[in-house]
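Report on one structure; see the data block that follows.
The values are calculated or read from the model by the stated rules, or taken from the named source; none is laboratory data. Quick caveat, the model's predicted, so the values are computed rather than measured. Using ideal geometry, Cβ is built from the backbone for each residue, glycine included, and neighbour counts are taken over all protein chains shown.
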């Protein structure tokens with residue numbers, strides 16, 4: 001039995017789930033998302049404002065249990081995404097490190113001899129609150145996390161002076177410099 005898969009997913013009042021065979025369409029105030037579920041293994045039920053996914057076979061093997069929890073998490077992330085959205089906040093640490101938006105590009109000055117331009121995808125909204133704080137929001141949790149990881153990889157945090165791009169609240173293990 002999957003501990004995560006057994007839990008029901010509560011659907012907010014402003015969101016709705018439409019079941020069409022193996023396809024789920026989840027709509028809400030932030031947008032809509034379509035997921036596909038293997039309907040040969042799992043059945044899905046909508047009871048009032050609760051959504052439940054269960055395996056068709058009563059005898060559950062390990063692989064089915066793993067997939068049960070995975071599908072439940074994917075559906076839950078989609079429901080949260082269309083109702084309230086997902087967000088990641090990145091911080092730029094370093095002297096002269098700045099970010100601003102120019103058209104469809106995120107322009108970053110991160111210690112190189114040239115500015116780095118990052119193309120913003122259509123499904124994700126990126127805002128620069130201060131010159132050193134970047135907020136990434138969107139409906140799809142995977143896409144938001146991938147964009148945040150791509151931006152962080154442009155200038156990873158270095159351990160000596162903690163310069164670079166990091167997530168808000170990320171722990172940086174600092175190293176001691178050379179001794180004389």
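Does segment 48-64 include one or more residues that are part of a strand (DSSP E or B), surrounded by fewer than 19 Cβ atoms within 10 Å (Cβ to Cβ) and free of Cβ contacts under 8 Å to residues at least 12 places away in the same chain? No, that holds for no residue. Total residues in segment 9-47 satisfying the condition of being part of a loop (DSSP other than H, G, I, E, B), within 19 Å of residue 66 (Cβ to Cβ) and in contact with a helix residue (DSSP H, G or I) (Cβ under 9 Å, 6 or more places away or on another chain): the figure is 3.
Scanning segment 121-160 for residues that are assigned to a loop (DSSP other than H, G, I, E, B) and touching a residue at least 24 places away in the same chain (Cβ under 8 Å) returns 121, 131, 132, 139, 140, 155, 157.
Checking the condition modelled with pLDDT of 90 or more and out of contact with any helix residue (DSSP H, G or I) (no Cβ under 6 Å at 6 or more places or on another chain), which residue from 80, 133, 75 passes?
On the way: 80 fails: modelled with pLDDT of 90 or more; 75 fails: modelled with pLDDT of 90 or more.
Only one candidate passes the filter, namely 133.
The residues of segment 111-120 that are assigned to a strand (DSSP E or B) and out of contact with any helix residue (DSSP H, G or I) (no Cβ under 7 Å at 6 or more places or on another chain), listed by number, are 117, 119.
Among the residues of segment 82-114, which ones are surrounded by 14 or more Cβ atoms within 10 Å (Cβ to Cβ) and closer than 11 Å to residue 155 by Cα? 92, 93, 94, 97, 108, 109, 110, 111 - these are the residues of segment 82-114 that are surrounded by 14 or more Cβ atoms within 10 Å (Cβ to Cβ) and closer than 11 Å to residue 155 by Cα. Summed over segment 142-169, the residues that are surrounded by fewer than 20 Cβ atoms within 10 Å (Cβ to Cβ) and under 30 Å from residue 27 (Cα atoms) give a count of 8. Among the conditions (1) farther than 30 Å from residue 125 by Cα; (2) under 20 Å from the mean Cα position of the chain (by Cα); (3) surrounded by 19 or more Cβ atoms within 10 Å (Cβ to Cβ), the only one that residue 4 does not satisfy is (3).
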